[in-house]
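The values are calculated or read from the model by the stated rules, or taken from the named source; none is laboratory data. On a predicted model such as this, the values are computed, not experimentally measured, just so you know. Neighbour counts are summed over all protein chains in view; Cβ atoms, including those assigned to glycine, are modelled from backbone coordinates with ideal geometry.
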């Protein structure tokens, strides 16, 4: 599972989690935070990205040197050639 940067981006854009929760249709920010941890659906990600003024891919943390194996969860280091 990819790590989301929603809280970090919200802070940068000066948007509260309560405002984001409302944009996605949650009444309580705590329910919204739990949904973030469980995983959000594409329409929810699109609503969050729109409210933050970013693209959906920007909501995800990017790592260029490691990926996580979807089967065992181990980190795999990627070696790139320059």
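Per-residue answers, yes or no, for (1) surrounded by 12 or more Cβ atoms within 10 Å (Cβ to Cβ); (2) modelled with pLDDT of 90 or more; (3) touching a helix residue (DSSP H, G or I) at 6+ places or on another chain (Cβ under 9 Å):
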{"position": "6", "(1), (2), (3)": "yes, yes, yes"}
{"position": "12", "(1), (2), (3)": "no, yes, yes"}
{"position": "15", "(1), (2), (3)": "yes, yes, yes"}
{"position": "20", "(1), (2), (3)": "yes, yes, yes"}
{"position": "27", "(1), (2), (3)": "no, no, yes"}
{"position": "32", "(1), (2), (3)": "yes, yes, yes"}
{"position": "39", "(1), (2), (3)": "no, no, no"}
{"position": "42", "(1), (2), (3)": "no, yes, yes"}
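Does residue 62 meet the test of being in contact with a helix residue (DSSP H, G or I) (Cβ under 9 Å, 6 or more places away or on another chain), assigned to a loop (DSSP other than H, G, I, E, B), without any contact (Cβ under 8 Å) to a residue 60 or more places away in the chain and loosely packed, with under 13 Cβ neighbours inside 10 Å? Write out each step before concluding.
Numbers: in contact with a helix residue (DSSP H, G or I) (Cβ under 9 Å, 6 or more places away or on another chain): no; assigned to a loop (DSSP other than H, G, I, E, B): yes; without any contact (Cβ under 8 Å) to a residue 60 or more places away in the chain: yes; loosely packed, with under 13 Cβ neighbours inside 10 Å: yes.
No.
Where residues in the range 44-59 are without any contact (Cβ under 8 Å) to a residue 24 or more places away in the chain and loosely packed, with under 12 Cβ neighbours inside 10 Å, which of them is farthest from the chain's Cα centre (by Cα)? Outline the logic, then answer.
Start the filter on the range 44-59 by keeping residues that are without any contact (Cβ under 8 Å) to a residue 24 or more places away in the chain, which leaves 44-46, 49, 55-57.
Going one step further and asking which of them are loosely packed, with under 12 Cβ neighbours inside 10 Å, we end up with 55, 57.
Numbers: 55: 11, 57: 8 Å.
In this case the residue turns out to be 55.
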